[in-house]
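To keep things clear, I will list the structure first and then write my remarks on it.
The values are calculated or read from the model by the stated rules, or taken from the named source; none is laboratory data. This is a predicted model, so every value here is computed, not measured. Note that each Cβ is placed from the backbone with ideal geometry, even for glycine, and that neighbours are counted across all protein chains shown.
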């Protein structure tokens with residue numbers, strides 16, 4: 001079985017690694033073009049490209065899959081199957097119809113819930129307690145194809161989207177191998193998605209960052225967990241930006257939302273009478289650290305109101 005793999009970020013790497021370790025014939029890898037990253041804007045290759053090059057697999061980085069050149073490259077590889085994992089581009093009809101065994105996608109949600117680019121983050125933001133991975137045949141539409149296999153996993157009370165991302169990427173690799181085994185054995189039973197149950201998980205934006213402590217403590221906690229890797233939840237302290245990477249729910253008391261309830265911990269009152277303990281933060285001009293370490297160098301009196309400026 002000749003396989004073309006399409007993927008870009010870290011999430012896709014375990015799937016490609018699993019295919020290679022299982023001795024599948026990966027004849028080519030399509031990934032996004034190299035992009036500048038970090039403060040120095042150094043142009044870096046996508047993680048999938050790095051793995052492919054180490055394994056001696058041909059890499060293609062078209063700006064678009066809709067060009068004659070891209071289609072010719074794909075056609076020349078003569079794939080029996082295309083595997084897509086967080087590639088970041090819509091596959092046109094001509095590509096979907098090219099391989100005789102179709103195109104299989106690994107998606108980080110229990111479809112039809114959380115179709116779109118941010119399923120992991122939105123499952124945490126919305127306070128879900130269970131998520132998982134779904135493999136599906138790809139169709140023209142955003143994650144609308146027939147479902148193949150699923151695997152569920154619980155979401156921890158304090159688990160961040162970053163931590164969940166890493167667990168789901170490993171689960172995705174396992175489900176992909178199970179799917180390809182079932183495909184070879186003729187045991188796949190595609191299931192139509194119920195569009196009435198579909199929800200959407202759009203790309204995240206920086207506008208989601210600002211914490212509103214008037215909301216219930218659980219919602220504030222979910223926001224911090226869901227935005228842990230990017231763009232990161234944030235508030236202000238003494239007029240400066242305070243990023244919040246991790247939190248826990250804590251006993252609260254009646255106080256103005258945003259009020260720091262303790263001088264020894266960053267426990268902050270929320271709108272429902274509950275509270276959140278901000279456990280890992282980064283103050284403007286400083287480095288990321290545990291809140292206990294932050295409080296050793298920055299005195300925050302009880303009664304201080306975060307986000308008041």
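Can you tell me which residue within segment 194-209, out of those that are within 22 Å of the chain's Cα centre (by Cα) and in a loop (DSSP other than H, G, I, E, B), is nearest to residue 100 (Cα to Cα)?
Per the criteria, the residue is 198.
Does residue 282 qualify as being surrounded by fewer than 19 Cβ atoms within 10 Å (Cβ to Cβ), touching a strand residue (DSSP E or B) at 6+ places or on another chain (Cβ under 7 Å) and in a strand (DSSP E or B)?
Against the criterion (surrounded by fewer than 19 Cβ atoms within 10 Å (Cβ to Cβ), touching a strand residue (DSSP E or B) at 6+ places or on another chain (Cβ under 7 Å) and in a strand (DSSP E or B)), residue 282 qualifies.
Which ranges mark the helices (runs of 4 or more DSSP H) fully within segment 59-150 that have 3 or more residues being over 22 Å from the mean Cα position of the chain (by Cα) and surrounded by fewer than 22 Cβ atoms within 10 Å (Cβ to Cβ)?
Ranges flagged: 68-77, 93-96.
Working carefully through the options 197, 266, find the one that is modelled with pLDDT of 95 or more and touching a strand residue (DSSP E or B) at 6+ places or on another chain (Cβ under 6 Å).
Just one listed residue meets the conditions, 266.
Which numbered condition trips up residue 229, out of (1) in contact with a strand residue (DSSP E or B) (Cβ under 6 Å, 6 or more places away or on another chain); (2) in contact (Cβ under 8 Å) with a residue 60 or more places away in the chain?
Residue 229 satisfies every listed condition except (1).
Could you please give the count of residues in segment 254-268 that are more than 22 Å from residue 228 (Cβ to Cβ) and not in a loop (DSSP other than H, G, I, E, B)?
Here the count works out to 1.
Would you mind finding the one in 227, 210 that is more than 19 Å from residue 11 (Cα to Cα) and not assigned by TED's automatic domain parsing to the domain that holds residue 117?
Of the residues listed, the single one that is more than 19 Å from residue 11 (Cα to Cα) and not assigned by TED's automatic domain parsing to the domain that holds residue 117 is 210.
Answer with yes or no whether residue 38 is exposed (fewer than 12 other Cβ atoms within 10 Å of the Cβ) and either modelled with pLDDT under 95 or not assigned by TED's automatic domain parsing to the domain that holds residue 169 (or both).
Criteria met by residue 38.
Please specify each residue of segment 151-191 satisfying the condition of being touching a strand residue (DSSP E or B) at 6+ places or on another chain (Cβ under 6 Å), in a helix (DSSP H, G or I) and free of Cβ contacts under 8 Å to residues at least 60 places away in the same chain.
Result: 171, 178.
Only one residue in 22, 52, 12, 18 is in contact (Cβ under 8 Å) with a residue 12 or more places away in the chain, surrounded by 14 or more Cβ atoms within 10 Å (Cβ to Cβ) and more than 21 Å from the chain's Cα centre (by Cα). Which one?
After applying the criteria, what remains is 52.
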